[in-house]
Each structure stands twice: as structure tokens, then as C-alpha cells.
1. So which chymotrypsin sites (Phe, Trp or Tyr not before Pro) in region B:54-161 are both in a DSSP loop and have at most 15 other Cβ atoms within 10 Å of their Cβ?
2. What are the trypsin sites (Lys or Arg not before Pro) within region B:395-488 that DSSP puts in a loop, where the Cβ has at most 11 other Cβ atoms within 10 Å?
3. Rounded to whole Å and sorted largest first, what semi-axes of the equivalent ellipsoid does the C-alpha gyration tensor of region B:203-266 yield via the square root of 5 times each eigenvalue?
4. Please give the FRET efficiency for A:GLN490 paired with A:LEU408, using the beta carbon to beta carbon distance and R0 = 35 Å, rounded to the nearest 0.05.
5. Determine the percent antiparallel among the DSSP beta bridges restricted to the protein assembly as shown, to the nearest 5.
6. Under a Cβ-only charge scheme (Lys and Arg +1, Asp and Glu -1), can you give me the dipole magnitude of region A:314-478 about the Cα centre, in debye to the nearest 20?
7. Which whole number gives the average count of other chain Cβ atoms within 10 Å of the Cβ atoms across peptide A:46-54?
8. Of B:LEU275, B:ALA295, B:SER318, whose Cα points farthest to the positive end of the dipole of region B:254-334 (charges on the beta-carbon: +1 Lys, Arg; -1 Asp, Glu; origin at the Cα centre)?
Amino acid sequence: MRLFPLICSVLLFSLFGPGKASDHWAFQTPVRVEVPEGKHPVDFFIDARLSDAGIEPLPPADPATLLRRLSLDLTGLPPTPAELAAFETSAIRNRGAGPAQSAIRNQIDMLLDSPHFAERWARHWLDLARYADSDGYLGDTERAWAWRYRDWVIDAIDRDLPYDQFSISQIAGDLLPDASEADRIAAGFHRNALLNTEAGVDKELARTKQVVDRVNAVATTWLGLTLACAECHNHKHDPLKQDEFFKVYAFFNNLDDEDPSLPLPGETERYQTSLAAWEKETAALEAKLAEEAESLTKRQEKWEAGLGELPASPWAVLHPAKAESGAGDTMTIGMDGGILAKAKKTDPDTVTYTLEFPAPEVVGSIRIEALGSPGDGREAGVTAGRGKEGSFVLSTLSAQVRGADGKLRSLAFSDTRDPLWKVETETRRRHAQSFPLKEAASLAKGETLVLTLRHKAGSATTLRRFRVSAAVETGAVATDLPDEVIAALQIAPDKRTTTQREVISNHYRSLDGVWMAKRLELDHQLAKIPSKPAGKIQTVKERSAERHDDYVHVRGDYMRRGEVVAPGVPAVLHPLKARRAEGGADRIDFAHWLFDEANPLTARVAVNQIWQHLFGVGLVATPDDFGTEGAAPTHPELLDWLASEYRRLGWSRKALIRLIVSSQAYQRSSAIPDQPPVDATDNTLLWRQNRYRVEAETVRDLHLAASGLLSRKIGGKPVRPPLPGFVTEVGRSVAWPVSEGEDRYRRGLYIFLKRTIMYPSLIAFDAPDTSVACSRRDRTQSPMQALTLLNDPVFFECAEALGKSLTKQPDIAPDTLIDELFHRCLGRDPEPAERDALRSAHADFLAAGDPERAWTATARVVLNLDEFITRE
Amino acid sequence: MSPESPLFSPHPRSRREFFTSGASGLGALALASMLRDDGLLAAESQTGFKAPHFAPKAKNCIYFFMEGGPSQMDLFDPKPKLNELDGQPLPPSVLEKAQFAFIKKEEARLMGSPRTFKKYGQCGMDLSDLLPHLSTCVDDIAFVRSMYCDQFNHLPGQLLMLTGSPLRGWPTLGSWLNYGLGSDSRDLPGYVVLTTLGRGLPGGAASWSSGFLPSNYGGALFRSQGSPVLNLETPDRISPAMQRRSIEVINDLNRIRQERTGHEEIAARIRNYELAFRMQSAAPELIDLSGESKATLEAYGVDRSERDSSDKTGFQSSFARNCLLARRLVERGTRFVTLFLSTWDQHSNLDKELATNTRISDQPVAALLKDLKERGLLDETLVVWGGEFGRTPLGENRPGFKTVTGRDHHPHSFSLWMAGGGIQGGQVIGQTDEVGWGVVEDPIHVHDLHATILHLFGFDHKHLTYRFQGRDFRITDVHGEVVKKLMG
């Protein structure tokens, strides 16, 4: 993992090395050499160099190889057997002269139009954008909405949004006049920077690091320059002055993070629809409840009549002076003397409540009331206990008296069962229980009564809301009627106040099963109110007040103020034109400056990036460094011609790609002949195509596609395919809820990118670590890659799916199935020797007697071939 | 022509050899028999690519790459005069030529070391109080105080030290040695990389890349978190016999493809599949430390992080485990193990952070040396410890730093040590001036170091070459002198 924070400052001097930087090729305006009519421009330049060197280039690749190359390069997915058949048929019709150009053109157009083209090329772009779904650093908090930027990139590439607009939106989308929602999402490019949220971090230092990263990402992506880096130093021949760096920095120095609500596509409509439905259902339930009111009153009258003579309550409520929970629950004492326990955390061990009361004069019995719902509406859901269905189990109760001298003496209860009291039904109404003492105790003034309630089965079984009372007699009975209800009932119905009437009716309602059922139904409905659209985006906002000052950080330290600078660009490049006469240049001006015709870098860098993804290596082999330390272009005239052509094509990415892949240079064979025309390791002049392993995500996509498991769903929240536990257990926030259903089989670019725990099979195949803009991936080989493809459960699942689909065709000869396997995985027919080898292996696998297992093993062989994960 | 080729490139010479030479001659049969004979031929296929030019002293190498530039005058190179001159400016003669990353040189002042040095061992080597464990090993170690290089920044400096070139695209030392000697391990990679990374490595995979050599000579990066190697278990439904047969036919088919396309890279894939197959049985045993004695585990300190609550990163245990793993690897024939520890780049807060680094590394490094010695492995195992450059005798008065608490990059002189594998221990080579600015005796450039290491492995550095893009490349480019003194 390369978490490589930009520890330094921002001196960019090594960049241009010694010599006169202004003479450096990359700072000269591209010169367009006109191409003779009838010549393919790409071939014109490449063939000229080959011919000068006396090198005969290779012939075109065979149709199957070309089709697979085009499919992988343009969509990152293999061709389907049907595409292969059609393509080859057209080639045969062309009498062996390779596939007909018209067939190739059609195929190219089809691939460019495929929605998967956008996924493929979005992934390339996301490398530059250092896209990830979490903050990085120690906290590595998830970024719930980062993916909306990713989806914007996919959509923009799908629509072939011209590269200038595509870029301007990302650099300054938030500032654009009438910025669209899409523009604001695009400006989320800047939000992909790492974010340090660690406690105790120097916030201003962390912010300046982010700004440096933003400058660096913009410079790498659009200028091919490493403006800010960790290993910078003063150079004697600096063409770029430090103040010039801080002029560029100034464009990005006042971006504030902003996460505004922005409903997802269709989210508002869905919300409105479900809200309307909910309101309707709620109204219906309310009506039902209202209808019930009349018969409820009748039932209450009947209930009241049946109560008969009510004796006065012997109980006096004890108002606690103190209530504590051994589990650290929050204990709130109410006006009525009730105690509400709110769990802090679940605790499986004994939970003890300790309550202290000013001592009553005489105590003969203690009553505990478990207060369920008061029955007055929305609280129908409140229950007496915190257990299952609102139950509780009180294990023991003990009482002590603390004298004024602090000494304790115990009071004995006559009932010492354990558990002492439990309520598991009708948990929504009040329950009460009397606990008589063995003998009544007289307490002195100033003494304290201490009650200890133990719930031995842990916090999941404790009382939730309860109240304690005392009676003088040891035989006091606790009725189910609360004291205030008794008191109210003792008043003649026509003399009762509104409050007293409510006390009675509320209590009755909690007893009335019919009412409670309806009330509960309504409560549940109320709880189901549809959530408002949750969709948010990550974007930035230019700070208008209390702006950070723009000044040179002397030696890269923000605390050391150098001269004040205004936003600007290095003098070695063309001047920047501000739109406004006053107030200086802004990010929009900077973005326009990048696309100014005089800018020598932007177009070259852009076409080089595209070229790299079609030939495996750029015309400039160091796509992130067009400075004097970087590699020189192998075909400078071609680079310049393409740069000017990109602009002429209206910055259409698809048009430029179409142009390049229609060249002979692109379509050449990559196989090295026995007598190569030149040292086979040297393909600088492109006498052949390059052959190289596909990227990490494509390795996975190929498996999913060939096995038929691939979900072709585009966009949406990132997914989490299975991951062994010991991979996640090392990070801090390690939740990795494995995705279900088709989400397990989404393309690699949708895998949740958690910066501290990158998905191991992606890392094994050199996916970037997302810490900084990555313009070129490593391509390593290791035995770990073999282990991954052979044994990783995710890849094995693909082999099983593929094996199973072959087993379903028992009447078909093994050779035919082997051919099918080749078509699906490699997009070609097997050679006889290959078919023989695979048939023999399959026969050996079959010796174990299980056809499905044998085909799984056979499929697994093909999925492990070098060719399968190679673009030839 | 740029030596940098991000593409794997085939090599016609080796291709022809591949198909005509005995052991690896045309494919299927040889491979099949190899697997059936339980790797009788496998060892050959991985070793003996080149015979050493003369009898080697060293067989394996454990390279501690201390990323960032450890501060030599606080660890290995005591400078009483520097302490005396603490707070004085640099002499004008030196100042004029000086170049810094961050220091404001006009106002820079020499900074003494707060460390106390004592003499250890029979050789009387001075070591800082930060290295109590290493001080018990000095008689086995050759300390070099006169290293220098010409790279000022981390990435090119590290690439130079690792590959002999400051540019990307060149093979690392471990790749050259595996290319030259092959690996003695049938069952494990010949080149393994173990990391304990704070801020990461600027070069990423370039730090263990095979460059333009075939990519099976690249380092195999073990995971630094959790299990070092994943996916060692064959899926339940695939029996061992099926797995074996599968690898066999995968490689048969890969061989056919190599014949058709002529790409050497496929041969690397074939070797990696053979190796992966063997690793399935060998690696679980390798990474299982339960067979190590309690004394050994304690000596390395593999559970120090659990006992030290201040070690939030867990680096003390992670580095100790890597050291123990390094011994287990060379014991099992791995040619080259690199252990990265980052970072030693103390521009500020040097006292505290240097102590943190030595707390992580001193004990297990010393334990490893002793362990190798006790097992008789030190004679044939070269141990190298060093970074890409050193640090300035000047305090880093980077403007804005409230106080001067660190040192800047310093390529003009730095220290490094070597032990075992033919190195004459108990000696100090080279000398720096009284403030530790420049080398005044026995200057040793990185190329000289590489030439010496190849010499210990039996190679004349001028003749261990690889033809790429029409030119014979070597790790020392056109430089390099063997430092005879190191070998006594």
C-alpha cells in the first residue's frame, strides 16, 4: 500500500531540471504536419519512422485476436461468441484478407456505443481522479456519496461529453454560471483528496495538504506535470519560481467541502408517490380509530361500572433522590416519581438499579409499578420492560436503610424468590406488584431508604419505566389500578375535571385490547413515514467570506508567510486571460487557460493518456511527467498531430479513439515472429502491437463475463464482494457487509474502495492505492496472482458457474464443449493441440466421477490461462 | 531510447533457449514429468541460470531498507566536534556548495546530537544509546561511515539504492541476484518483500520490480496485514490430484501460447504457476510461527505491540514478525528478502521519532543476527542495513518550524552496515569529516556497494548483464568498484 502523504511543501523545482526550460519540447505549441490524402494519419507517421529504420511491420492480427483486443480496449469485456461468429464470417467473405474494413468499422462503432465503453474509460479516468469511497488516514470514514461522482464520469463518457467541457466541469463546475447539478457533481473531482480527520491533527496543515494534493491531481491529469511532490528541492535552474506555484495554488486555496442534498435520479418522484400512498393509508387508520371512539366510551362505562366500590389507595409514591444503574444507563426521574432507564449499551451481565429515597416514617410494603403506555396516543409502543416484546424479569429486590451516621441496616422482604417478578404479556399496560416486608419498619427522619433491583439476565430484561411506592401495612395490596386513576374514579363522573377524565380514559385505553390493537396499527403506520430523499453529493464551494489568504509559503510552510500572490500561471507557459476586469482570475479562467489554443500541454497529455490505453504505453512513456525529466515522445509529430486533431474533432473522445483503433498500427499482430525485424524487446517504433496483462478490474470482469455471472447493471452504490474476515479485521472501521444477489457480480469498478483495506485481488493485480493521481499502473507478475486466480473463492465461483453451464449439455461431445469454453473465454477456436490437452485433462478430472466437478475444473484451467487475462 | 519499458518484453535469445534446451525443452512432456517427479526438474528450472564467475561467499541476502534516510550521527557516526559546534554556522567553504531540500541555508546552524555513544565489542565500535541490542552484535558487523550518493530526493535516491539507477524501469538488486543465481527454494519465491510502512514507499512496486528482466524475477510482496499470503488453500471441490493436473495443463497450454506469440512473459507466468502450486504446501508452514520456541519469539519480540499500548500502529510486532519471517525464508532457500521500514525521514521531531524507529527495529534486527549466527546461517547470509541517504549535521531550520528538531536529506555522507555472507565483521570502514558533512576516507558510492554485493555472491558486476533493446545492461551501469576492505 502506498499511502504517501504529501509531507512537504510544494517546491516544484526538480521538475524542469537544468537547461533552458522554455526550449523544452513540451512547452512549444504543437505543430500540425499535414497528412497526405488517402493515408491514415496514425499510419502515416508510424510507417514513416519504420520505413526510415528499414523495419517491416507485422501484418494485421487475425480476426479473433483483433475482436478481443477491440472488445477489451473499448469495453473491458470479452466479445460474445455471437459477435465472434459474425466477425469471422465477414472475414471469410473477405477471402482471407482479414476481416473486412466495413466489419471492423461496424464493430468499432458498436463497441463505442456500448454502455460498457463508458465504464471502461471511466475507470481509466478514476485512476487520475484518485477516486475512493473513504477518507483514508487512520479514521478512513466511508464516503457514502462519492459514487455519484463516479457515475457522473460514466455518464459523461457515455454521452461523449467533449473533453473540454468534461474537464471544465470537474475543475470549476461549482463556479459555472447556472451550474447544473451535473456540474456540481463533477466538481467533486476535488473531493477525492484524502481527508485526515484524526483527533489532534493540525487542521490548517491538513487543509494545505489537501490543497497541494488538489493542485497535484490537476497538474498530473491535465498538464502532465508533477507540480507538487514530496521530494522536491531547490534547483539552480528553476524556470518555475516558487511564487508561481503558489499562484496556481491560489486557484484552489478557497474550496470548502459541501455535501448538499441532491436527490438521486427518480428519488423525488419515488418519494412523492410513496408519501401520497402513506398519507392515504394513515388517514384510513385514523378514521378507523376515530370510529372506534364511540364504542370505546361505551366499553369504558361498562368497565367502570364493574369496578364497584374502590378502597382508597394505601400507597404513597416515593420520589427518588437518586437513581443509578450499574450498566451506566441514563436514569431520568420524572415529575410523577417515575424512573425511565435508557440503555447506554447492551450488557449481558447483571444490571443493578440502585435507588435512594428520603425515608418514609413507616414501611410495611414496597410496591413497584411497571409503567407501560399511558395509552394516550403515540406512546402505544412504550412497554414496561426492555426485554423481548417489552417483557422484563426482576431477579431480586433488597432494601436497606442508611442511617444519618452512614451505617446500613437491611430490611427483609417476605418473598425471596428469584426471579422475583416477571411480566411477559400485556406489556403495554401498567403492571404493579406489592413486596411486603417481613415486618414493618420505622424509619427516622434523615435516614435514607436504599432499594436495589437486580436483573440477572442482563440489560435486555430490565424494567424500562417504573415507579416505587410504600405502604404502612405489610399486607398492602397492589391493584392494577394506578392511584391517580383510583382517585379520579372516586369522584362522581359529572364532577370530574377534564384531566381526571383523561386519566381514567387513558388508563382504560391501555386495557382495551380492541383499541390498543388499532392504536398500535396506527403507530406502526406513523413510524413508516417515507424518508425524505436522502441523496447527497460531494462537491466544493468557493469560499466568499473569510477567505484564506494567498501567499507564498516560505519553504513550503504555511505558517511562514511570504509575499502575497494573486491566482496565476507559470510564466514559462502562455498567459492566462481573466474574464473579469476586476477581482482577479478564478478557477473558470484557469480551466479555460488549459483549453486555450496556446496551451502546449493539455491536448498532448490527453491524447497520450488515450494512446496509452490502446497500446499499453504512451507516446510519452511518462504520462505524468512531460517535464525535462520525463521521457521524450517516441513519435513527436504524431503526438502533435493527434493533439491538434483532438481539438478539431471537438474534443470528442469517441472520435479520437475511433481514429486510432482504425489504424493499421493498432490492428497489427502482437505475436513475435521467429525472425523479428529488430530486437524483439524494442517496440519503440511500433512494428507490432503490444501484448500485456489486463488491469485488475478487468481480470475480475473477464471471469464474471465468461462464466455468465456478470451483472451488467451500470452505476449506483458501490458493492462489497466477499472478503475473508482476516482481511478486514486489521482496519479500524472494518464493517464489510457482503453484497447480496447480483451485486456480488458487478464489474470491478463498482467494488467499494476503502483506502485502508483495499480489495486484495485488485491489489494483487496492481490497482492503484488511490492516494494520489495515478496516470500509469504497474504491471507486475507474482505467484500470488496465480494463487488468487486458482483459489480465491470469488474466482472459483466463476469456474463453478461456467462448469455448471457446460454440464447442462450432457449430449454434446466434450470437444464441442471445449470449443465453447474457448469461445467464451478466449474468443477463438482452440488449436488441435490445445483441444487435445484440455480433453485429456477433462478425462482425468472426470475419473473422479462427477461431471460437474470435472467441467468446473476444466473451466478453471481456461480461466487461469495467461491468454485469458492478456490483451494480445 | 529510454530504459523504461512498462511493457513486458519478450527476449528472442531466451525464447530459443527455452524451447531447445534440455530441462525446459518443448513443454508439455517436460513439465508433466516435472510435476510427477515432485519437482525434480523444478529446482533446475528455477536455479542455475548463470554460474557464478567465482566461488561465492554469500548465498542469501536480507536487506533492511530503512526508507527515508536514517540519521547517521545519531546512530553510528559520533561527532564530538559537532556537539561542540552546536549552534554555529557551517563553514563558508561548505556552505557555498550546499544544497538542501528544506533548510534555509544562510541561517542554518550545526546541530549536535543529544545521543550518548559508547564503545562496544572487541572492535570498540561506537554506537548510540538508541541501539542497545545491536551493540551486542558489533563484532559481526562491518560499519560503513563513508557511503555517498548523488540523489537528493527520496524516490530517485531509493531507486538508485535499489536498482542502481534513479529512473524507474530498472531491475532491483534482488531481481539481479535471482536472475544470476536462480533460487534455492523450490517451494517459495526467490525474492520476497516484507513491509512495515508508515507513510508508504514513493516508488511503490518499482521498489521490488524486475524492471526489464523477465517478471518472475520481481519480488513477491507479502501482505503486511493479517495473513502474509492469501489463497493458499485449494477450493474444497478440487482435490490435490486435480489441482496438480490443473497446473500441469494450464502450463501446457501456456507453453503452446508462448510458442505462438513468442512472448517471454508467458514463461514467467508458467514459472509463477509452478511456484504457486508448491507454495500451497510450503507457505502455510512458512508463515506459521507456532513451531518457534518461546525464547525465539521473545528474542524477536513478536508480541511487543500487544504489551506496549503506545504502539497504536502495531509496528513493533509487525516488524519483529517480518524479521523472523526473513530468517525462515532464507532457511528455506529464498535468495533475497527485503524488509522495508518507513519512515526515517525526520525533518522534525527527530529525537522522538528516531527513538520510535529504533524501538521498532533494534531488538528484532539484533535477534535476527544472533539467530542466523546460532543456526550457522550468518556465514552464507549477507545482511545489509541502510537507507537511501543520510541526514544533515545541520539542524533543519525550516522556516515555520518553531524550533529546530530535525535534519534534512544528506547524500554527501551516510552510514550503512553489513554482516555475514563474507563480510569481515568488527570493523569500521571510512570516515567523515569532523562535523560529518563529507567523506574524508574510503568513499563508497552506491555503485561500489552493488559491485561489492555481487562480488560476495560470486559475480563480477561488469559481467552480470542482460540484453535489452539491443544493449547489455548491468546494475552498476558503467561504474562500480568492489570494496575489498569489507571482506577483510
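All of the numbers you see were taken from the coordinates with simple rules; none came from a lab. Just so it is clear, the structure is predicted and the values come from calculations on it, not from any experiment. All Cβ positions, glycine included, derive from the backbone under ideal geometry; neighbour counts span all protein chains shown.
1. Values: sites: B:PHE54, B:TYR63, B:PHE64, B:PHE65, B:PHE76, B:PHE100, B:PHE102, B:PHE117, B:TYR120, B:PHE143, B:TYR148, B:PHE152; in loops: B:PHE54, B:PHE76, B:PHE100, B:PHE102, B:PHE152.
Qualifying residues, ordered by number: B:PHE54.
2. Details: sites: B:LYS402, B:ARG407, B:LYS462, B:ARG467, B:ARG471, B:ARG474, B:LYS484, B:LYS485; in loops: B:LYS402, B:ARG407, B:LYS462, B:ARG474.
Loop-located and lightly packed - B:LYS402.
3. 26, 24, 6
4. The formula returns an efficiency of 0.35 here.
5. Rounded to the nearest five, the antiparallel share is 75 percent.
6. The calculation lands at about 340 debye.
7. Average neighbour count from other chains, rounded to a whole number: 0.
8. So the residue furthest toward the plus end is B:LEU275.
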